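**Student:** First, the structure itself, so that you have it in front of you.
The values are calculated or read from the model by the stated rules, or taken from the named source; none is laboratory data. Nothing here was measured: the structure is a model prediction, and the numbers come from that model. As a convention, Cβ positions derive from the backbone with ideal geometry for all residues, glycine included, and neighbour counts pool all protein chains shown.
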Amino acid sequence: MTTDKTGIQHLADILYKKGLRTAILSPGSRNAPLVLAFNRHPGIECLSIIDERCAAFFALGMAQQSRKPVAIVATSGTAALNYAPAIAEAYYQEIPMIVLTADRPIEFIDQAEGQSIRQKGIYANYIKASFELPQEIYSNDDQWYNDRIVSQAFNEATIGRMGPVHINVPFREPLYQLAQPSSSITKIITRVETRTSLPGTVLKNLTEIWHLFPRKMILTGMLHPDMELNHVLENISEKSDLVVLTETASNLSSDCFFPSIDRVISSLSPTESSNFAPDLLITFGNQVISKMIKAFLRKNPPKAHWHIEASGYAPDTYQSLNKIIPVRPVDFINAILPITKGNAGDYQQLWKQRDKLNEEKHQEYLTNLPFSDLKVMEQILRAVPEFSNLQMANSTSVRYVQLFKPFKQLSYNANRGTSGIDGCTSTAAGAAYESKIPTTLITGDIAFLYDSNALWNKHFPQNLKIIILNNSGGGIFRFIEGSSDIEELEEFLETRHNFTAKHIAKNFNIDYTFCDKLNTLNDCLSHLYEKDQVPGILEIKTPAVESADILKSYFKFLKEEQ
């Protein structure tokens, strides 16, 4: 037995046949037909998460790992609005999600009916596509229309530039009626994915332009791990006139790449900046974390900027874009690699020398560093298990991680689509639940407290460790230029507080350790990781003012005697 609403039976079955395997359900009444259809479908795993905001970020974390859509199901009214932050993040991270919102009957919207708002098109600015199912099935044509919409929605979420789609589902009562599953066969519509290749004439033209420029830079944004792309980038980085700049969230790793971008950029004097700037900039991937490289390239614009993106989407982040190349980055590099030659020059060597010097200074600065955010991060990264998943929360945590070259095989993830703090813990929980591998979240106190409902989850994964850097407020505002100098800093920007995670952890029966000294940190980290399948929280109390001063001094130190 399942819901008596045939259209909703078909909805669940079509999504299953097209590849959906998980639905995150939040309690309600108006969404009862959806709950019945999904929970009683033999092929779909259903998880109940009470807080819709946490539920949506949990689903985002799952889809981030699997690269397959996860459905989220909410009741009507403001419950649907709580999905918005995660949907926006999924949109800008290109993560597929199927968003299902139950709704009141169409005729009752704006008629002072309880728990009703205007839900049709509610996520219009940050959704790939929005649909509404017919609220009743009266004919074969109604059923055909219903089923066609479901297939179209799934296709939109998964083909090309992936992302979330929204299906609004208005229901008339009764909501809890049961019936035998429909005997009618659900039809699915499949869209075949194709790949674009570069025509010979275009490739010839790009190669000619390539050879005009003596300094070339490939800058990568957020990417999912891709061994094939990693390999071809290593091959092309052998050219002496080219540098490959990566970030931890690029998930690309090689001794041939330059992962600590801010170290190099912060050490440059105004007179030498032009020597490090590229003539040709090639970009691909999602958002870049480093503000320094963005400012550097805007101030020192390349003569040409090519963005490689199969869907053709290309933001002009550096204000110098002049070519959009709609192919996969790995296909572009494979095509251009054999027919390009490296120009004689010292561009790559220039970057290597500065990078090597900065690595030496980085290690020197850390050697006798007192207890602070930067020193703590060094110890944390040494303790995170090899071949595990590292989730980096916004804002300070992810920026500190960028200062350290990857020296372990890790998968790096962060909510850098919109860079909000609102769902970092929930996302990490979803990622850990999906991946089943050891997962560590490095977060700040504000981000953790803001998303503490992430722990209110009976499906909370046993393989998740949470490390909180608690500097009693938004530490990032102490080293952002301008914000650290205004009198409103502590009250309105940092939001100073004296809370800890101790009682939150106790409330949810999660192992908790507190550390406020450098000489006990390694023991605390060892305790956190000693039990593989036991979730744990390590809260590290760090000094806010000293940590900000140490980070500012760090960048000054890198710049000295270059």
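**Student:** So which residues in the range 72-84 are over 17 Å from residue 423 (Cα atoms) and either surrounded by fewer than 24 Cβ atoms within 10 Å (Cβ to Cβ) or within 18 Å of the chain's Cα centre (by Cα) (or both), if there are any at all?
**Tutor:** Once the filter is applied, which keeps residues that are over 17 Å from residue 423 (Cα atoms) and either surrounded by fewer than 24 Cβ atoms within 10 Å (Cβ to Cβ) or within 18 Å of the chain's Cα centre (by Cα) (or both), the range 72-84 yields 75, 77, 78.
**Student:** When you check residue 425 against the structure, is it within 23 Å of residue 261 (Cα to Cα) and either charged (D, E, K, R) or not assigned by TED's automatic domain parsing to the domain that holds residue 287 (or both), yes or no?
**Tutor:** In short, no.
**Student:** So residue 191 clears everything in (1) of a type in the set (Lys, Arg); (2) in contact (Cβ under 8 Å) with a residue 40 or more places away in the chain; (3) touching a helix residue (DSSP H, G or I) at 6+ places or on another chain (Cβ under 9 Å) except one condition, right? Which one?
**Tutor:** Checking residue 191 against (1) of a type in the set (Lys, Arg); (2) in contact (Cβ under 8 Å) with a residue 40 or more places away in the chain; (3) touching a helix residue (DSSP H, G or I) at 6+ places or on another chain (Cβ under 9 Å), the one that fails is (2).
**Student:** Can you tell me which of (1) hydrophobic (A, V, I, L, M, F, W, C); (2) free of Cβ contacts under 8 Å to residues at least 60 places away in the same chain; (3) assigned to a helix (DSSP H, G or I); (4) buried (at least 19 other Cβ atoms within 10 Å of the Cβ) is the one residue 351 doesn't meet?
**Tutor:** With (1) hydrophobic (A, V, I, L, M, F, W, C); (2) free of Cβ contacts under 8 Å to residues at least 60 places away in the same chain; (3) assigned to a helix (DSSP H, G or I); (4) buried (at least 19 other Cβ atoms within 10 Å of the Cβ) applied to residue 351, the lone miss is (2).
**Student:** Please enumerate the residues belonging to the range 302-326 that are free of Cβ contacts under 8 Å to residues at least 24 places away in the same chain and in a loop (DSSP other than H, G, I, E, B).
**Tutor:** Listed by number, the residues that qualify are 312, 314, 315, 316, 319, 321, 322.
**Student:** When the residues of the range 533-562 are filtered to those that are among the charged types (D, E, K, R) and over 17 Å from residue 379 (Cα atoms), which remaining residue is nearest to the chain's Cα centre (by Cα)?
**Tutor:** That would be 552.
**Student:** Considering only the range 254-270, state which residues are touching a Lys or Arg at 6+ places or on another chain (Cβ under 6 Å) and not aliphatic (A, V, I, L, M).
**Tutor:** 259, 260, 267
**Student:** Ok, one more. Restricting attention to the range 25-45, does a residue exist that is acidic (Asp, Glu), in the same structural domain as residue 148 (by TED's automatic domain parsing), modelled with pLDDT of 95 or more and under 23 Å from residue 430 (Cα atoms)?
**Tutor:** yes
**Student:** Name, by its number, the condition in (1) over 16 Å from residue 423 (Cβ atoms); (2) surrounded by 20 or more Cβ atoms within 10 Å (Cβ to Cβ) that does not hold for residue 48.
**Tutor:** Here residue 48 clears every test but (2).
**Student:** Right, next: Out of the residues in the range 419-438 that are at pLDDT 95 or above and not in a helix (DSSP H, G or I), which is nearest to residue 397 (Cα to Cα)?
**Tutor:** For the range 419-438, the residue satisfying everything is 423.
**Student:** Of all the helices (runs of 4 or more DSSP H) wholly in the range 77-167, which have at least 2 residues that are polar (S, T, N, Q) and closer than 25 Å to residue 67 by Cβ?
**Tutor:** 140-158
So that you can scan it fast, the table gives a plain yes or no per residue for (1) loosely packed, with under 15 Cβ neighbours inside 10 Å; (2) modelled with pLDDT under 95:
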position: 95; (1), (2): no, no
position: 117; (1), (2): no, yes
position: 160; (1), (2): no, yes
position: 200; (1), (2): yes, yes
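**Student:** May I pose another question? I'd like to check something: does the range 337-347 contain any residue that is surrounded by fewer than 19 Cβ atoms within 10 Å (Cβ to Cβ), touching a residue at least 60 places away in the same chain (Cβ under 8 Å) and under 27 Å from residue 419 (Cα atoms)?
**Tutor:** The answer is no; no qualifying residue exists.
**Student:** Would you point out which residue out of 390, 381, 403, 441 is over 15 Å from the mean Cα position of the chain (by Cα), closer than 24 Å to residue 471 by Cβ and not in a helix (DSSP H, G or I)?
**Tutor:** 403
**Student:** Scan the range 267-290 residue by residue and report those that are farther than 22 Å from residue 307 by Cα and crowded, with 18+ Cβ neighbours inside 10 Å.
**Tutor:** 267, 268
**Student:** For the structure I just gave you, tell me whether residue 191 is among the basic types (Lys, Arg), farther than 30 Å from residue 6 by Cα and assigned to a loop (DSSP other than H, G, I, E, B).
**Tutor:** no
**Student:** Name every residue in the range 309-326 that is touching an Asp or Glu at 6+ places or on another chain (Cβ under 9 Å) and crowded, with 18+ Cβ neighbours inside 10 Å, in order of residue number.
**Tutor:** Matches in the range 309-326: 310, 325.
**Student:** Something else: Evaluate the range 19-40: report whether one residue or more is surrounded by 21 or more Cβ atoms within 10 Å (Cβ to Cβ), touching a residue at least 12 places away in the same chain (Cβ under 8 Å) and among the aromatic types (Phe, Trp, Tyr).
**Tutor:** Yes, that holds for at least one residue.
**Student:** Shifting gears a bit: Can you give me the number of residues within the range 1-58 that are within 19 Å of residue 169 (Cα to Cα), in contact with an Asp or Glu (Cβ under 8 Å, 6 or more places away or on another chain) and either basic (Lys, Arg) or assigned to a loop (DSSP other than H, G, I, E, B) (or both)?
**Tutor:** 3
**Student:** Quick one: residue 209 ticks every box in (1) buried (at least 20 other Cβ atoms within 10 Å of the Cβ); (2) among the hydrophobic types (A, V, I, L, M, F, W, C); (3) in contact with a Leu (Cβ under 8 Å, 6 or more places away or on another chain) except a single one, so which number is it?
**Tutor:** If we test residue 209 against (1) buried (at least 20 other Cβ atoms within 10 Å of the Cβ); (2) among the hydrophobic types (A, V, I, L, M, F, W, C); (3) in contact with a Leu (Cβ under 8 Å, 6 or more places away or on another chain), just (1) comes out false.
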